[in-house]
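No value in this document is a laboratory result; all are computed from the given coordinates. In this text, all values refer to a predicted model and were calculated from it rather than measured experimentally. Here the Cβ positions follow ideal geometry from the backbone for every residue, glycine too, while neighbour counts run over all protein chains shown.
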Amino acid sequence: MTLRTKTFAVIGSALIALVVILYGISQSVVQGGFRKVETDLAAGFAQIENRDADRNVQRVVDALGFRIENLSLKAADWSQWDDTYKFIVDDNKAYRESNLTKDALSALKINLILLVDTSGKVVFGTAFDLENGTEVAVPQSLKAYLAPQSLLTKHSSPESVVEGLLLLPENPLMIVSRPIVTSEAAGPIRGSLIFGRFLDDAEFERLSTITHLSIQRHRVDAASTPADVRGALDEFSPRKPILVRALNTDTMAGYTTVSDLARKPALVLRVDIPREIHRQSVATQEAIRSRGRVVLASLVGSICAAGLVLGGLILWILESSVLSRVARLSTKAVHIGASEDFAGRVSAEGKDEISTLAGSINTMLEALGASHGIIRERNAEVSLLMDTVPAGLLSLDEEFRVNPEHSRAAAEMLGTDALRGRAFTEVLGLTGEREDKGTELVEFLDLLRLELVPEETVAGLNPLEELHFEAGGAARWLRLRYFLIRRGSDLPNHILAVLEDITEEKRLAAQVATSQRENLQLRAIAEDPDLFREFLSETRRILTEVEGLAARLDATEASRPLVAEIFRGVHTIKGVAGSFGLGDLSALASELETSLDHLRKADEIPQDGVDQTRTSLAHLSDAFSEVVEGAKKLLGDDVAGGGLFLRISSEELLRHMVEIRSLTLDDGVKEAVLSRIKEEVLRRLRALREVPARRGLARSLKILPGLLERLGKPVAFRFEGEDTPVDCDVVQELNTSLIHLIRNAVDHGIEPADERVEAGKPEEGAVSLAVSRQDGDVVVTLADDGRGLDPQKLKAAALRKGILDPAECGRLSAEEALGLIFRPGFSTAEQVTDVSGRGVGMDAVLDSIRQKLGGDIRVASSPGEGTRFTITVPASLQTG
Amino acid sequence: MKVLVVDDSMTMRKVVATYLQGMGVSEVDQAENGAQAVEMAAKTEYACIFLDWNMPVLLGIDALRAIRASGNQVPVVMVTTETEKRSVVQAIKDGASDYLMKPFQKDAFVERARRHLKL
């Protein structure tokens, strides 16, 4: 909410509150005042109305009184007259004929006339029906009142008058009784003159006309009287002879009683009076009320107008002196903030708090501009620094999204500048199929971030140290490392990801590995070209042989021995190729060996297995041809053509030539000499065939370093009699067996280091080879200090494999039991390793030594101490 | 100072024990599965536990969780192979103090043990 809106709201609501309060007060005051006037008026009007009604009733009563009095005056004319005074005692005819005529009496407008003497005798009495103008009988009910000294006839003085009302059953009767006296009003009283006039409908009509009021009469002794009349009757009292009641808004009723001669209430009169005063009162009140509303409305109107004017005035002052200036100041400041143009300044005219504020803001802007400049400079430096580092640097937030700042190298390596805010795993392309790897990376980063254990400890668990990454058409290898960025105790740690482009490094490493292999190969070749040639020719021979066998393979049981034969050949190639550093060839052979192993162990030989074998064999053959081509370049001749090449020292040849040339013959001993010469030449030629054991057994020794490396066992190797001359063919054949024996010794004989430690032996194993000449024999001994052979275990194995029947088993001595290892189908290795292979057994060794070399092999061993093989073969293959 | 070595291979236990004794650790207790380890860790206060990952009865990781669940904060070094790398991440989150990848050289072990035994 802006300041302006707030000000408007506050002032607006204050004004509204003010108006409401003023309205409230004035309403209560004004309305209260008007209401008071109104009620006072209403009370006044009501009093007037009541009094008026009272008066009206009184008028009716007076009118009635007047009627009776009128009757009384008429009666006085007759009672106080000498003629009547005379008539009552003599009943003269003249009085009767002149006065008591029908016409005279009806002119009096009375209903009754009675002349009664003092004895109570009615001298004259008649009644009239005024309407019809006829004489009627005096009502019988009147008789009771005419007795002497009764109410009507008792007159104490000549001036005595009895007048009032009698409630006769027919009608109420106005009655007057006067004493009959002389015209001078002197006595003695000779009787009573009674006049009566019925208070009938006509009489009441007259009363109404006189009073201009509507009058109702109700007899007190009536069988039924209206409720209001009865109510009034109960309420009358001497102090309240007249009662006034408002019947409705238009009519007012006044009640009063009229008593009879005995002063008992006889009639109730109800006078209906139109409520003109009341109507006037209501109209006046309404006028006052509306006047009050007008007054109130104009009062509120003027308060509102005053409020509006006042509010407007306040706002105008605020707006012109504060709000618009503050708004201008704020707009400018916001603009400066948004554009980061800290050179901009705000301004405010005048000299007050606002202009002081503008001054302060400007001072702040100046300081801000300065520090912003420094920050920009620093940022530029940091950016430059980051961009100069060849590594890709980017930091990841607590949810492993890339933070805005990263080095240029990072963008280059990842092939995009749009890194900001993206999930790091997504940037690395660890989505879809590789999502699992991404999850693993996130788990790792999370662990790093949590700092549960030292950073270095976590670093070892990096699941993705190297990544083959393709972006923008370029593929490269990236090395990824992560470091913790601690941002202070109250902020979550971030992670610095360091990316290194190791494509070149990888390529070089691969190159180094290749050249190392080539180097190894070259060294092998250089060390003993003959040996290499020999390897090549042997491999060629084996390949030709197994290819021939493979051609005969089919998916029948008959193929099983063929598979075994091919397996043997491939196994040999694998081992020898490995020892010459021909890794590719060795790997291919190993692969084929594995599939052949499955094939020979399968229940049935499948056709696709056969096809697979042929294809793999062709690959192996191709790879071998490549090796041969390479070797040709180095050795420059038909390297794999077969045959054995010997290297003979030229000096030695020269010596032999000199010696042979210097030979002289004696005649007598020609035959003998010739024979001796032949012998000597043969001996010398034989000697030429001999090579030092070290050289001849080079092939066997060659396998050692690689073997030890692969098995990871520390072994000390000793070679005694390495200069012992051995026939090259013999030594060649010996190699086949010796390689096998050495492998077995290192792989199975020597225990793993921990086992040796446990057995109390030195951690390092010992294998020793000795070659010596003994009487025309070459004796080769291979001994190790490994776990040795257990005759009992050998027997058990032989029994299990069905090589031995139990009877024979019992007969075998411990020494003989050791010989079991040379039996076909026996192998002590429980485990298949890539070193000792899968059962190219000791039987082949025995076969080679016995059949090919005409020698023998013996084994001696004690469990836990080691094994010793002793091979004895004739020094030369030729008997000569 | 007492150290507990947990491994189902007796050879492995003996090798580690030999190394530890070579470092001057007088008492080396051995357990051959996770369940035993949890039981022994509850009874005895060890300076450190070397806990193999893959064992019968109770896996190393479960033994670790059980030990930590009992409120025991003894340093536990998980002895694992390269293939269990990912699980080690979880193990550390579950309270492992460190890990050692098999096969390890004596030097690597000694360095690690020294750190946790503060020798």
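Which of A:Gln280, A:Ile314, A:Pro265 sits closest to the plus end of the dipole of segment A:265-393, meaning its Cα is farthest towards the positive end, when Lys and Arg get +1 and Asp and Glu get -1 on the C-beta? Farthest along the dipole direction, towards plus: A:Pro265.
In this structure, the pairs whose alpha-carbon distance is over 21 Å, taken from A:Lys574/A:Lys795; A:Lys632/A:Lys852; A:Lys74/A:Lys102; A:Lys154/A:Lys264; A:Lys574/A:Lys702, are A:Lys574/A:Lys795; A:Lys632/A:Lys852. Using only Cα coordinates, the Kirkwood hydrodynamic radius of segment A:10-157 works out to 21.6 Å. For segment A:267-328, the Stokes-Einstein estimate of translational diffusion at 25 °C and a viscosity of 0.890 mPa s comes to 147 µm²/s, using the Kirkwood hydrodynamic radius over alpha-carbon pairs. Binning the alpha carbon pair distances of segment B:2-117 at 10 angstrom intervals from zero yields the distribution 15, 54, 30, 1, expressed in whole percent. For chain A, the longest principal axis of the alpha carbon atoms and the long axis of helix A:559-579 meet at an angle near 80°. Among residues other than A:Ala798 with Cβ under 10 Å from its Cβ, the summed charge is +3 (Lys and Arg +1, Asp and Glu -1). For segment A:710-854, a/c is not less than 1.5, where a ≥ b ≥ c are the root eigenvalues of the C-alpha gyration tensor, and a/b does not top b/c. That puts it in the oblate class. Note on the protein assembly as shown: dipole from Cβ charges, positive end direction compared against B:Ser70, A:Val346, A:Thr867; the farthest Cα belongs to A:Val346. Looking at segment B:64-119, the trypsin sites (Lys or Arg not before Pro) that sit in a DSSP loop and have at most 12 other Cβ atoms within 10 Å of their own Cβ are B:Lys118.
To the nearest Å, what is the center-to-center distance of segment A:372-450 and segment A:747-787, using C-alpha atoms only? With segment A:372-450 and segment A:747-787 each reduced to a Cα centre, they are spaced 57 Å. Note on segment A:305-392: semi-axes of the ellipsoid equivalent to its C-alpha gyration tensor, largest first and rounded to whole Å, are 45, 14, 7. Each part gets one Cα centre, and for segment B:1-46 versus segment A:1-61 those centres are 102 Å apart. Applying the Kirkwood pairwise sum to the alpha-carbon positions of the protein assembly as shown produces a hydrodynamic radius of 45.8 angstrom.
If I take all pairs of Cα atoms in segment A:116-191, what percentage of them are more than 21 Å from each other? Percent of Cα pairs beyond 21 Å in segment A:116-191: 32. Shape of segment A:357-475 from its Cα gyration tensor (a ≥ b ≥ c, root eigenvalues): rounded if a/c is under 1.5, otherwise prolate when a/b > b/c, or oblate? Prolate, since a/c reaches 1.5 and a/b exceeds b/c. In this Cβ point-charge picture (+1 for Lys and Arg, -1 for Asp and Glu), segment B:2-117 has a dipole of about 260 debye about its Cα centre. Summing charges over all other residues whose Cβ lies under 11 Å from the Cβ of B:Val25, with Lys and Arg as +1 and Asp and Glu as -1, gives 0. Counting every other Cβ atom within 10 Å of each residue's Cβ, A:Tyr85, B:Tyr99 order from fewest to most as A:Tyr85, B:Tyr99.
Each part reduced to its alpha carbon centroid, segment A:253-320 and segment A:64-135 end up 60 Å apart.
Residue order for B:Glu82, B:Glu39, fewest other beta carbons within 10 angstrom first, comes to B:Glu82, B:Glu39. Principal axis extents of the Cα atoms in segment A:149-305, from largest to smallest and rounded to whole angstrom, are 96, 41, 30. What net charge do the residues around A:Val780 carry, taking every other residue with its C-beta under 12 Å from that of A:Val780, with Lys and Arg at +1 and Asp and Glu at -1? That sum, taken over residues with Cβ under 12 Å, equals -2. Taking Cα atoms only, the orientation of helix A:728-744 departs from the longest principal axis of chain A by about 30 degrees. Counting Cβ atoms of other protein chains within 10 Å of each Cβ in B:85-92 and taking the mean gives 6. Treating each Cα of segment A:441-481 as an identical point scatterer and summing with the Debye formula, the log10 of I(q)/I(0) at q = 0.17, 0.19, 0.23 Å⁻¹ comes to -0.52, -0.60, -0.74. Between the helical axis of A:583-601 and the longest alpha-carbon principal axis of chain A there is an angle of about 80 degrees.
Listed by chain and number, the aspartates and glutamates whose alpha-carbon sits under 13 Å from that of B:Lys43, ignoring those within fewer than 8 places in the same chain, are B:Asp29. Each of A:Thr539, A:Thr356 was scored by other Cβ atoms within 10 Å of its Cβ. Listed from fewest to most, they are A:Thr356, A:Thr539. What you get for segment A:182-294, charging only the Cβ of Lys and Arg (+1) and of Asp and Glu (-1), is a dipole of about 480 debye around the Cα centre. When the helices of chain A are scored as -39500 (n - 2.57) per DSSP H run of n ≥ 4 and the total is divided over every residue, the value at 222 nm lands at -17000 deg cm²/dmol.
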